[in-house]
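The values are calculated or read from the model by the stated rules, or taken from the named source; none is laboratory data. Please read all numbers here as calculations on a predicted model, not as lab measurements. Ideal geometry is used to build each Cβ from the backbone, glycine not excepted, and the neighbour counts take in all protein chains shown. Side chains are part of the model used for accessible areas, which takes the heavy atoms of the whole protein and leaves out ligands, DNA and RNA. Shrake-Rupley method; radii C 1.70, N 1.55, O 1.52, S 1.80 Å.
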Amino acid sequence: MEAEEISRLDREHVWHPYAAVHSTAPAQVVRRAHGVRLTLGDGREVVDGMSSWWAAIHGYNHPRLNQAARDQLDDMAHVMFGGLTHEPAVRLAKRLAELTGLDRVFLADSGSVAVEVAIKMALQAAGPGRTRLLTVRGGYHGDTFGAMAVCDPVNGMHHLFSGVLPQHVFAPLPPAGYGTPPDEAYLADLSALVGAHAAELAAIIVEPVVQGAGGMRFYHPAYLRRLRELADEHGVLLIADEIATGFGRTGELFGCDHAGIRPDIMCVGKALTGGYLTLAATLCTARVADAVGVLMHGPTFMGNPLAAAVAGASLDLLAERPWREEVKRIEAGLLDGLAPAAGHPGVRDVRVLGAIGVIEMHDPVDVPRVQDVVLRHGVWLRPFGRLIYTMPPYACEPGDIAAITRAMVAAATSRTPR
Ligand SMILES: *Cc1c(COP(=O)(O)O)cnc(C)c1O
């Protein structure tokens, strides 16, 4: 098909994420993806600064991941998981249990479903009367109803579904900055809030250290440590949503590692299959699993063998690659490359943690304009709200990171005819 025809059919028939049917900004056609580059409909090659929503950590078309998919395809693409099991699933579960220190693994088919399962586990384990969750503002946990209810009530979608979503307990936004010394007043307020609601709480759910789609904010690990202490003190479970932060993105294997804590329940997704297939997992301790009993959940494509096999291969690759050094090098490249944007009149903040680089503007960004600027710099990014940000593949070379940061700085500092 010609690129024009793909675009035309797309405009006529296809929904895109968070988009109106008559979107003014047409989607770019992608022909191929290889390494850290996408080949667009017009033949242009651009560096992918998004890792396809933070998933493709090893880059695209990786020979090892391709081989894992092919090998598995020759055995079976899928079988139901009710009453049946297979090697890719049990291998992956064992691997995830070893990596997280948690005991039991539920293989879900997307991040949002993993969060639904985590909430369900917590409610079933907590028993009657404990029906609410506590979280912090500024979070993002997915687009299904259970997950939406714990997303930030203002920048999330609560206004569209008010009266439908369960009312959970929200603590204020954690004070900004990974390195900003913890605010004692905030910690005291957090303790008071958990104390006041403890009897009705099943769980506390947060994204550890980095709040992703809710605003790309970083916070001090002390707040996470305090939540762990409060959960223990009040017999409330702690759910860590590591869907964005898992597998090295923040510089540690998991966000919880920054705080040296282990959650009772953990969700992983996004980078789990190296960006190949949709798969997520909800893990919990043996204690939680015993309290739950029969977990009332079971998606049709649960434990999909293809996805599980590719996830296993992706975790092998992660274990082999010097990801800590790579993420450190990317962090240094982002700090260096984004520095020129700091202090520019339109720029409110520039921040970097691990392989995450953010330019926060004072005003909402004009997405089509920013995309036009960065594409002209040979880079693909998808800004949102006031944020121009990158979460590049770990496979990026220093030159790729430099291209991404140049594009971001150009988009943030060029004059904006809005
Ligand atoms: C992306 C994301 C989700 C939702 O995952 P999907 O696979 O898009 O359903 C949940 N929590 C966090 C922290 C995420 O970043």
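Only Cα pairs under 8 Å and at least 6 apart count here; give the relative contact order of the range 230-362 as a rounded whole percent.
Values: 173 pairs, mean separation 27.9, N = 133.
The normalised contact order for the range 230-362 reaches 21 percent.
Each residue of the range 76-88 in turn: what ³J(HN,Hα) in whole Hz from Karplus with 6.51, -1.76, 1.60 and θ = phi - 60°, glycine and Pro shown as x?
So the Karplus estimates, Gly and Pro as x, are 5, 7, 7, 9, 4, 9, x, x, 10, 9, 7, 4, x Hz.
So with the 1.4 Å probe, I'd like the accessible area per residue for the chain, rounded to whole Å². Could you put the intermediate results ahead of the total?
Values: 18320 Å² over 418 residues.
Value for the chain: 44 Å² per residue.
Limiting things to C-alpha atoms, what are the Rg and the maximum Cα-Cα separation (Dmax) for the range 76-320, in angstroms?
Using the Cα atoms of the range 76-320, the pair Rg, Dmax is 17.2, 56 Å.
Roughly speaking, what is the stretch gain from Lys94 to Ala77, that is 0.36 nm per residue apart minus the C-alpha to C-alpha distance, in nm to one decimal? Intermediate results must be reported in sequence, preceding the final value.
Working: separation 17, 0.36 × 17 = 6.12 nm, distance 2.07 nm.
The Lys94-Ala77 span can extend by a further 4.0 nm.
Bin width 10 Å, alpha-carbon pairs only: give the P(r) of the range 322-401 as whole percents, running from 0 to the bin holding the largest distance.
It works out to 19, 50, 28, 3, in whole percents.
Would you mind computing Rg(Cα) / (2.2 N^0.38 Å) for the range 39-80, counting N as its residues?
Working: Rg = 14.2 Å, N = 42, 2.2 N^0.38 = 9.1 Å.
Compared with the compact-globule rule of thumb, the range 39-80 sits at 1.56.
How much accessible surface area, in Å² rounded to 10, belongs to the heavy atoms of Tyr140 with a 1.4 Å probe?
Tyr140 has an accessible surface of roughly 50 Å² with all protein chains in place.
Equivalent-ellipsoid semi-axes (√(5λ), Cα gyration tensor) for the range 2-160, whole Å, largest first?
On the way: eigenvalues 220, 145, 46 Å².
Equivalent-ellipsoid dimensions as semi-axes: 33, 27, 15 Å.
Grab the DSSP H runs of the chain that are 4 residues or longer, score each as -39,500 (n - 2.57), total them, divide by all residues and round the 222 nm result to the nearest 500 deg cm²/dmol. List each step's numbers first, then the result.
Working: 13 runs with 155 residues, N = 418.
Theoretical 222 nm ellipticity from helices: -11500 deg cm²/dmol.
Output ³J(HN,Hα) for the range 222-239: one whole-Hz value per residue in order, computed from phi by the Karplus curve 6.51 cos²θ - 1.76 cosθ + 1.60 with θ = phi - 60°, and x for Gly and Pro.
Couplings: 4, 5, 5, 4, 5, 4, 4, 4, 5, 4, 5, 4, 9, x, 10, 7, 10, 9 Hz.
How many percent of DSSP beta bridges within the chain run antiparallel, rounded to 5?
Values: 30 of 45 bridges.
If we restrict to bridges inside the chain, about 65 percent are antiparallel.
Where the centre of each part is set by its Cα atoms, how far does the range 324-397 sit from the range 242-309, in angstrom?
27
Let me have the relative contact order for the chain, percent, based on Cα pairs under 8 Å that are six or more residues apart.
Working: 822 pairs, mean separation 87.2, N = 418.
Here the relative contact order equals 21 percent.
Test of understanding: what is the full-extension gain from Glu325 to Arg382, defined as 0.36 nm times their sequence separation minus their Cα-Cα distance? Show your work: numbers first, answer last.
Details: separation 57, 0.36 × 57 = 20.52 nm, distance 2.61 nm.
Value of the extension gain: 17.9 nm.
Subtract the Cα-Cα distance of His234 and Val367 from 0.36 nm times their separation in residues, and report this length gain in nm to one decimal. If you can, show how the numbers build up before the last one.
Values: separation 133, 0.36 × 133 = 47.88 nm, distance 4.44 nm.
Extra length available between His234 and Val367 comes to 43.4 nm.
What is the distance in Å between the Cα centroid of the range 1-48 and that of the range 73-148?
31
How large is the Kirkwood hydrodynamic radius of the chain, counting all unique pairs of alpha carbons, in Å? All intermediate terms of the calculation are to be shown ahead of the outcome.
Values: mean 1/r = 0.0451 Å⁻¹.
That comes to 22.2 Å for the chain.
For the chain, modelled as a GNM with alpha-carbon contacts under 10 angstrom, which of Val310, Val347, Val210 fluctuates the most?
Val347
With all protein chains present and a 1.4 Å probe, how do Asp363, Asp152, Asp75 order by accessible area, largest first?
Values: Asp363 95, Asp152 15, Asp75 120 Å².
Descending order: Asp75, Asp363, Asp152.
As a test, work out the antiparallel percent of DSSP beta bridges whose residues both lie in the range 76-320, rounded to the nearest 5.
Working: 11 of 24 bridges.
Of all bridge pairs located within the range 76-320, approximately 45 percent are antiparallel.
In the range 109-247, if every C-alpha pair distance is counted and binned at 10 Å from zero, what percent goes to each bin?
Once binned at 10 Å, the Cα pair distances of the range 109-247 give 13, 45, 36, 6.
Name the shape class, rounded, prolate or oblate, that the alpha-carbon gyration tensor gives for the range 126-189, where a ≥ b ≥ c are the square roots of its eigenvalues, rounded holds for a/c under 1.5, and otherwise prolate holds if a/b is larger than b/c and oblate otherwise.
Note, shape of the range 126-189 comes out oblate.
Based on the mean of other Cβ atoms within 10 Å per residue, sort peptides 399-410, 264-275 so the most packed one is first. Working shown, then result.
Working: 399-410: 22.1, 264-275: 28.2.
In descending order of packing, they fall as 264-275, 399-410.
Efficiency by 1/(1 + (r/R0)^6): what FRET value for Arg31 and Arg262, r their Cβ-Cβ distance, R0 = 35 Å, to the nearest 0.05?
Numbers: r = 44 Å, r/R0 = 1.25.
Efficiency at R0 = 35 Å is approximately 0.20.
Ordering His58, His34 from largest to smallest accessible area (1.4 angstrom probe), what's the sequence? Mind dumping the intermediate values first?
Details: His58 10, His34 125 Å².
I get His34, His58, largest accessible area first.
Output the relative contact order of the range 76-320, whole-number percent, from Cα pairs under 8 angstrom with separation of 6+ residues.
Values: 482 pairs, mean separation 74.6, N = 245.
After rounding, I find 30 percent.
Give me a comma-separated list of calculated 3J(HN,Hα) values for the range 274-287, in order, Karplus coefficients 6.51, -1.76, 1.60 applied at θ = phi - 60°, integers in Hz, x for any Gly or Pro.
After applying 6.51 cos²θ - 1.76 cosθ + 1.60, I find x, x, 8, 9, 7, 7, 9, 8, 10, 10, 8, 6, 4, 4 Hz.
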